[in-house]
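The values are calculated or read from the model by the stated rules, or taken from the named source; none is laboratory data. Keep in mind the model is a prediction, meaning the values are calculated, not measured. Virtual Cβ from ideal backbone geometry, glycine too; neighbours counted across all protein chains shown.
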Amino acid sequence: MFGHFRWQSGCAAFMALGITCGAIAPLVTPTASFAQTNFTDVQSNYWAVEFIRELAQRGVIAGFPDGSFRPEEPVTRAQFAAMIGKAFRKAAERQAVTFYDVPNNYWASSAIQDAYTTGFLSGYPGNRFEPNQNIPREQVLVSLSSGLDYNVNGSAERTLQYYNDTNNISGYARSAIAAATEKQIVVNYPNIKFLNPQTIATRSQVAAFIYQALVSSNQAAAINSPYIVALGEPTPSKPVAVTIPEGTVIPIRYEKAEKILVTKDETTPLTLTVAQNVVTDKGTVVIPAGSQVVGELRPVKDKSGSQFVAQKLILTNNGQEYPINATSEVITKTETVKKGTNTKTILKNTALGAGAAAAISIVTGDKAISAGEVLGGAAIGGLIGLFFGKKSVDLIAIDPNTDLQMTIGQNFQVSLRF
């Protein structure tokens with residue numbers, strides 16, 4: 001069954017990435033009523049923004065004095081224990097122990113003891129807790145699964161086959177992670193099929209896991225996120241057609257160079273990367289960050305400029321390809337290259353169209369410009385004759401990260417599976 005999503009003001013909202021926590025800063029706030037829920041480094045379209053805001057409101061997590069949340073910073077075992085203590089209320093099920101590396105005056109000493117006695121966390125041989133050790137994603141999931149007494153209902157190995165990297169899950173963690181998967185507390189961004197179990201958990205990831213654990217125990221309302229692993233849906237799942245409307249802006253980035261130079265008459269192939277998730281007004285991601293836009297820089301002769309014309313969109317989460325009608329504004333800024341100019345200055349952090357490379361080579365007298373510095377297009381040798389005798393040439397100068405933002409020129413559909 002196909003359906004359509006509404007878009008705010010006929011254009012896309014944008015979703016970014018992140019989460020983290022400092023090595024010494026606590027992760028909790030004194031009271032939830034006055035908790036900060038908006039952070040300077042967590043944009044409204046960030047993939048985990050709702051998880052973070054909800055937990056911040058509850059006082060489970062907190063930001064830093066500068067107003068940031070630092071979503072990509074790692075979480076230590078001590079910090080995770082503090083978060084667990086704020087998120088869940090559970091009676092002790094075993095006696096406290098003395099961890100030799102957790103002094104009584106350590107800031108998280110009480111939280112660590114509570115996490116141990118309630119069954120969320122255990123220590124290491126020799127009565128060590130390793131409070132400052134960064135916690136891996138699989139350990140977070142095992143902790144939640146153990147503390148909340150999850151049990152796998154079916155075959156653990158069959159459940160874990162959902163993940164493309166299932167072989168990377170440690171033996172001790174497999175049953176617990178299978179149970180956590182069944183309870184829908186696993187959140188995988190940006191690719192839902194990759195668990196990345198050995199990767200150090202970030203603050204945003206831990207926030208998502210804990211919030212989903214609250215949902216599973218009926219302590220929180222469900223959040224609609226495409227990154228929540230949900231088993232038991234029809235296989236194959238039903239496609240949903242999402243229409244991305246004309247006028248939607250797609251933010252892009254280009255990491256290979258800070259500047260692109262082309263002549264006013266050349267066509268140059270170019271592949272750009274989507275900088276932020278494009279989402280519906282309901283938060284559904286339709287174009288994930290990291291997706292590729294394949295197209296060309298084309299001359300616009302009546303304006304003496306150049307324009308990026310998109311041809312194909314390749315989604316990063318599933319590899320699906322779609323023809324796309326989208327263009328950038330026409331860029332008319334120019335940079336003059338004169339005879340005797342130092343080419344090292346011109347070429348620093350710069351990508352060249354074939355025509356621009358030929359022009360620079362002839363005008364400056366530098367014959368050593370290699371194909372490795374050229375984006376593509378016509379062969380340089382065939383273009384050199386066009387610039388003989390010239391003492392200078394005006395080239396279109398493009399800042400790819402600001403000049404090439406694209407606007408969709410015609411509605412098109414993306415097929416999603418949930």
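In this structure, is R6 of a type in the set (K, R), modelled with pLDDT under 90 and in contact with a Lys or Arg (Cβ under 8 Å, 6 or more places away or on another chain)?
yes
Go through region 121-159 residue by residue and tally those that are in a helix (DSSP H, G or I), modelled with pLDDT of 95 or more and among the aliphatic types (A, V, I, L, M).
Total meeting the criteria: 4.
Restricting attention to region 85-109, which residues are in a helix (DSSP H, G or I) and touching a residue at least 24 places away in the same chain (Cβ under 8 Å)?
Correct list: G85, K86, A87.
Any residue at all in region 141-151 that is polar (S, T, N, Q), within 18 Å of G85 (Cβ to Cβ), touching a Phe, Trp or Tyr at 6+ places or on another chain (Cβ under 9 Å) and in contact (Cβ under 8 Å) with a residue 60 or more places away in the chain?
Yes, the conditions are met somewhere in region 141-151.
Spot the failing condition for E130; the list is (1) in contact with a Ser or Thr (Cβ under 8 Å, 6 or more places away or on another chain); (2) under 22 Å from A176 (Cβ atoms), and only one is missed.
Status for E130: all satisfied but (1).
Scanning for something closer than 22 Å to N188 by Cα, modelled with pLDDT of 95 or more and out of contact with any strand residue (DSSP E or B) (no Cβ under 6 Å at 6 or more places or on another chain), does region 102-120 turn up at least one residue?
Checking region 102-120: at least one residue is closer than 22 Å to N188 by Cα, modelled with pLDDT of 95 or more and out of contact with any strand residue (DSSP E or B) (no Cβ under 6 Å at 6 or more places or on another chain).
Look at Y100 and say whether it is over 16 Å from G85 (Cα atoms) and over 35 Å from the mean Cα position of the chain (by Cα).
Taking the combined requirement at face value, the residue satisfies it.
Pick from E296, E266: which is in a strand (DSSP E or B), touching a strand residue (DSSP E or B) at 6+ places or on another chain (Cβ under 9 Å) and either at pLDDT below 90 or within 14 Å of Q405 (Cα to Cα) (or both)?
E296
Of all the strands (runs of 3 or more DSSP E) wholly in region 362-418, which have at least 3 residues that are under 20 Å from L347 (Cβ atoms) and modelled with pLDDT of 85 or more?
Once the strands (runs of 3 or more DSSP E) in region 362-418 are filtered for at least 3 residues that are under 20 Å from L347 (Cβ atoms) and modelled with pLDDT of 85 or more, what remains is 392-398.
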